[in-house]
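Since the structure comes first, as structure tokens, the remarks are kept for the end.
The values are calculated or read from the model by the stated rules, or taken from the named source; none is laboratory data. Bear in mind the structure is a predicted one, so any value in this text is a computation, not a measurement. With ideal geometry, Cβ positions are generated from the backbone for all residues, glycine too; neighbour counts draw on all protein chains shown.
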Amino acid sequence: MAIILSDIVMDYPGTRALDRVGVEFRDDEVHGLIGENGAGKTTLVSILGGSRLATAGRMTLDGEEVRLTDAGDALARGIAHVSQEGSLVPGLTAAENILLGAEPRRLGAIVDRRALSRQARELLTRWFPDVEIDLDAPVESLPYADQKIVEIVRALRGSVRILILDEPTATLPAREKERLWAIVRRLPTQGVGVVLISHFLSEILALSDRITVLRDGRLVETFSAAGADEARLVRLMLQRGQTGGAVDAPRGAVDTAVPPVIEVSDWQTADATAGHFAVRPGEIVGLIGLTGSGHFAFARSLYDAPDRIGGAMRFAGEEVADVSAAAMRRRGVAFVPDHRMIHSLVADWSVRENLAMVHPEAGALSALGILRPAREGREARRVMGRLAVKASSPEQIVTELSGGNKQKISIGKWLYGAEDRYRLMIFVEPTEGVDIGAKREIHQLMKDLARAGCAVVVASSDLIEIADLATRVVSFAGGHAIGELHWPNFSEQSFIAAMAGARS
């Protein structure tokens, strides 16, 4: 099976997202699709998957011209799409998610639960005979890798020949990534081609047979992955002589005589403890650790700690009794979480509505709280301009944006109408599912915030990201803050030793 897209154009008001793009996808290969933030990757696979209709261009399937009007039409022709954000129903079991919408029934109405479990198990065994998943467990209780496999099995339950995987490993730890890699490699041998979008260039090189590069909505090149390296991919994506290095960080010594913005002592929650932790104005402190080590939980607890067991917090010199999201926001703490489409953004809202959700009063005409769309639009455009958000307008639905632009909106809602309000900004996995160009822009924003006097805390599983950003790093293991590293004494070896439990 071969699908050829020819001269594909996609126009939005004021924006051309794709400009005469041509590419072929086959069922006997993994085809990597890469490009900088806003390059057109998501738009292209949305057209391939039937959820968007191109403004112009042709699509042929095994030599026959086709017109895909929706995702159901694409699926009927053998094309399935597993999106980056996920589409599982948390309250259902894994088996129920696999057969969602196609449940076996008795008497035409009653779900046959025994048949449902059997059919779900048969599908899992057919595609992934070496994988063991508790299909009767609520899907939300499964590891992220298992959840992604459940999504893939659901997508494959029909006669699928092309499977689109958009950032399938963006939030997975290394061991779970390797498991999913093996699955992706196996699919073409079973007659299912894979279109793979990933911001991990090493992943693209390891898995792909061919690679297509997009830039600014245009095709740059399609080539064999054999012999390619990351330097070539970055050069084609950015058309600059850079190799992915980030802008220099502000690494000046922090004046310890300046009072901390936030300080905790003997801090203890259900998942994280720290004897002492403080961040001063202009400082970027990184939190690192292995999966489940407590660094993410600790970051969240500085903003919202409903499970606090003990400890004391001071913010701007004042004792804090109420460590809740509402109270900390009033004090000047912003929190940018991971899994943005679950924890931060509303999928069917526009860019403007998402930006305005924290500070809707910025779009109000007066203290009466009457919202004015024009006022909201002006403030939304200001924030979009500052963060270089690529969108057709503030009214574009946020799910239509690329991963990098979604993340910018997740950050931008704290800047909407509140440019200088926040004294501490906490980021958890700030660049998950984000390409190298958008990552550099987000890193620069965080550094600019620090230069302006904001205290910044970053919890990330990306050690290169932490090394690029931080002035100081706190390591966690077993739920405890165990050590501290200071720039310029950063190295992969020192980070790994610290995460393994070696105290500094």
Note: among Ile466, Ile409, just one is buried (at least 21 other Cβ atoms within 10 Å of the Cβ), touching a Phe, Trp or Tyr at 6+ places or on another chain (Cβ under 9 Å) and not in a loop (DSSP other than H, G, I, E, B), namely Ile466
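Residue-by-condition table, conditions (1) in the same structural domain as Leu387 (by TED's automatic domain parsing); (2) basic (Lys, Arg); (3) within 20 Å of the chain's Cα centre (by Cα):
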site: Arg52; (1), (2), (3): no, yes, no
site: Gly57; (1), (2), (3): no, no, no
site: Thr60; (1), (2), (3): no, no, no
site: Glu65; (1), (2), (3): no, no, no
site: Ile79; (1), (2), (3): no, no, no
site: Gln84; (1), (2), (3): no, no, yes
Pick from segment 98-121, criterion under 31 Å from the mean Cα position of the chain (by Cα) and modelled with pLDDT of 90 or more, ranking: farthest from Val184 (Cα to Cα): Leu99
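Confirm whether Val131 is among the β-branched types (Val, Ile, Thr), in contact with a helix residue (DSSP H, G or I) (Cβ under 9 Å, 6 or more places away or on another chain) and surrounded by fewer than 22 Cβ atoms within 10 Å (Cβ to Cβ).
yes
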Could you say which residue among Gly91, Gly72, Gly57 is modelled with pLDDT of 90 or more and small (Gly, Ala, Ser)? Gly57
Quick check, is Val458 outside any loop (DSSP other than H, G, I, E, B) and either among the hydrophobic types (A, V, I, L, M, F, W, C) or within 21 Å of His339 (Cβ to Cβ) (or both)? yes
Taking segment 412-455 as the region of interest, how many residues are more than 14 Å from Val336 (Cα to Cα) and of a type in the set (Val, Ile, Thr)? 2
Val473 being more than 14 Å from the chain's Cα centre (by Cα) and surrounded by 24 or more Cβ atoms within 10 Å (Cβ to Cβ): yes
Given (1) within 30 Å of Phe315 (Cα to Cα); (2) assigned to a helix (DSSP H, G or I), index of the condition Trp414 fails: (2)
Selected residue (criterion: surrounded by the most Cβ atoms within 10 Å (Cβ to Cβ)) from residues of segment 119-128 that are of a type outside the set (Asp, Glu) and not in a loop (DSSP other than H, G, I, E, B): Ala120
Counted residues, segment 8-40 - those being within 22 Å of the chain's Cα centre (by Cα) and at pLDDT 90 or above: 5
Examine segment 98-118 for a residue that is touching a residue at least 40 places away in the same chain (Cβ under 8 Å) and crowded, with 16+ Cβ neighbours inside 10 Å, and state whether such a residue exists. yes
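Rundown of residues vs (1) out of contact with any Ser or Thr (no Cβ under 9 Å at 6 or more places or on another chain); (2) under 28 Å from Pro143 (Cβ atoms); (3) of a type outside the set (A, V, I, L, M), yes/no style:
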| position | (1), (2), (3) |
| --- | --- |
| Arg154 | no, yes, yes |
| Arg161 | yes, no, yes |
| Pro168 | no, yes, yes |
| Arg179 | yes, yes, yes |
| Leu187 | yes, yes, no |
| Phe200 | no, yes, yes |
| Ala206 | yes, yes, no |
| Asp216 | yes, no, yes |
| Leu233 | yes, no, no |
Of (1) under 30 Å from Tyr144 (Cα atoms); (2) in contact with a helix residue (DSSP H, G or I) (Cβ under 7 Å, 6 or more places away or on another chain); (3) surrounded by fewer than 15 Cβ atoms within 10 Å (Cβ to Cβ), Trp349 satisfies every one except (3)
Long-range neighbours under 8 Å by Cβ, at least six apart or interchain, first residue among the polar types (S, T, N, Q) within segment 322-337, second surrounded by 15 or more Cβ atoms within 10 Å (Cβ to Cβ): Ser324/Asp304; Ser324/Ala305
Qualifying residue in segment 171-181 (condition: in contact with a strand residue (DSSP E or B) (Cβ under 6 Å, 6 or more places away or on another chain) and hydrophobic (A, V, I, L, M, F, W, C)): no
Can you give me the number of residues within segment 448-476 that are modelled with pLDDT under 85 and within 11 Å of His295 (Cβ to Cβ)? 1
Counted residues in segment 482-504 being touching a Gly at 6+ places or on another chain (Cβ under 6 Å) and at pLDDT 75 or above come to 2
If we scan segment 136-158, do we find a residue that is modelled with pLDDT of 90 or more, over 26 Å from the mean Cα position of the chain (by Cα) and within 28 Å of His343 (Cβ to Cβ)? yes
Test for Gly91: is it in contact (Cβ under 8 Å) with a residue 24 or more places away in the chain, exposed (fewer than 13 other Cβ atoms within 10 Å of the Cβ) and not hydroxyl-bearing (Ser, Thr, Tyr): yes
